[in-house]
């Protein structure tokens with residue numbers, strides 16, 4: 001079993017839709033949870049960062065962490081064509097320097 | 001504007017060649033990383049460095065080495081390139097590994113024939 005699992009997609013939605021992206025993980029020591037966005041032919045950039053369980057909202061983006069289920073989600077409201085990208089979840093333990101990434105979900109938002 | 005610059009965006013090399021991938025950051029970050037990105041596998045850590053001349057193996061160091069002679073520069077070396085090293089290579093840096101924010105370069109796509 002991979003340490004972090006993520007549906008690779010591709011996921012296609014119409015403009016304005018609510019998008020739900022998810023990752024599951026197996027290592028209960030993960031404490032820091034991140035979502036990165038990667039546009040085609042670019043490096044990933046940090047989108048959301050949360051520590052431990054709970055929700056965090058930033059504009060149209062909401063990140064949720066459920067440590068009891070080892071499940072994290074990213075919600076995008078009112079999706080735009082400019083949201084079309086690959087979304088990578090990433091996790092980190094409280095003592096490690098390494099970031100463990102999911103394989104990424106490719107999202108297309110159609111105008 | 002913070003920046004991580006990877007010197008080569010696209011490279012084509014032959015099996016057995018020595019390959020150098022260079023990465024420079026202008027943010028005075030202590031920590032630098034080399035990842036490779038393959039479809040379905042995500043980003044896998046090759047090596048990281050938390051200080052000048054310091055290096056730690058990541059998850060897949062075999063066939064690679066690194067050099068960090070100056071704080072701003074982290075080089076990835078493939079001593080003898082093989083076809084299974086065809087991949088996208090991403091360099092990243094961060095000041096504090098507990099902030100979650102890695103700054104990535106735009107990547108170097110290496111093809112080994």
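The values are calculated or read from the model by the stated rules, or taken from the named source; none is laboratory data. The structure displayed is predicted, hence computed values, not measured ones. So basically every Cβ, Gly included, is an ideal-geometry build from the backbone, and we count neighbours across all protein chains shown.
Looking only at residues that are within 8 Å of chain B (Cβ to nearest Cβ) and surrounded by 21 or more Cβ atoms within 10 Å (Cβ to Cβ) in the stretch A:97-111, which one is nearest to residue B:40 (Cα to Cα)? Step by step, filter the stretch A:97-111, then rank; the result is A:103. Report, by residue number, each residue of the stretch A:77-94 that is facing another protein chain (nearest Cβ under 10 Å) and over 14 Å from the mean Cα position of the chain (by Cα). Within the stretch A:77-94, A:94 is the sole residue that qualifies. Annotation: of all residues in the stretch B:86-113 being more than 14 Å from every other protein chain (Cβ to nearest Cβ) and surrounded by fewer than 19 Cβ atoms within 10 Å (Cβ to Cβ), the one that is farthest from residue B:4 (Cα to Cα) is B:113. The numbered conditions (1) more than 11 Å from chain A (Cβ to nearest Cβ); (2) closer than 17 Å to residue B:17 by Cα; (3) more than 11 Å from the chain's Cα centre (by Cα) are all true for residue B:71 except (2).
Confirm whether residue A:53 is surrounded by 13 or more Cβ atoms within 10 Å (Cβ to Cβ) and under 30 Å from residue B:3 (Cβ atoms). Steps first, please.
On the way: surrounded by 13 or more Cβ atoms within 10 Å (Cβ to Cβ): yes; under 30 Å from residue B:3 (Cβ atoms): no.
When the stated conditions are applied, residue A:53 does not pass them.
Restricting the first member to the stretch A:32-59 and to residues that are more than 9 Å from chain B (Cβ to nearest Cβ) and at pLDDT below 90, and the second to residues that are surrounded by fewer than 18 Cβ atoms within 10 Å (Cβ to Cβ) and assigned to a loop (DSSP other than H, G, I, E, B), the beta-carbon pairs closer than 7 Å and six or more apart or on different chains are A:52/A:67; A:53/A:67. Considering only the stretch B:6-28, I want to know if a residue exists there that is facing chain A (nearest Cβ under 9 Å), more than 30 Å from residue A:52 (Cβ to Cβ) and over 11 Å from the mean Cα position of the chain (by Cα). Yes, the stretch B:6-28 contains a residue that is facing chain A (nearest Cβ under 9 Å), more than 30 Å from residue A:52 (Cβ to Cβ) and over 11 Å from the mean Cα position of the chain (by Cα).
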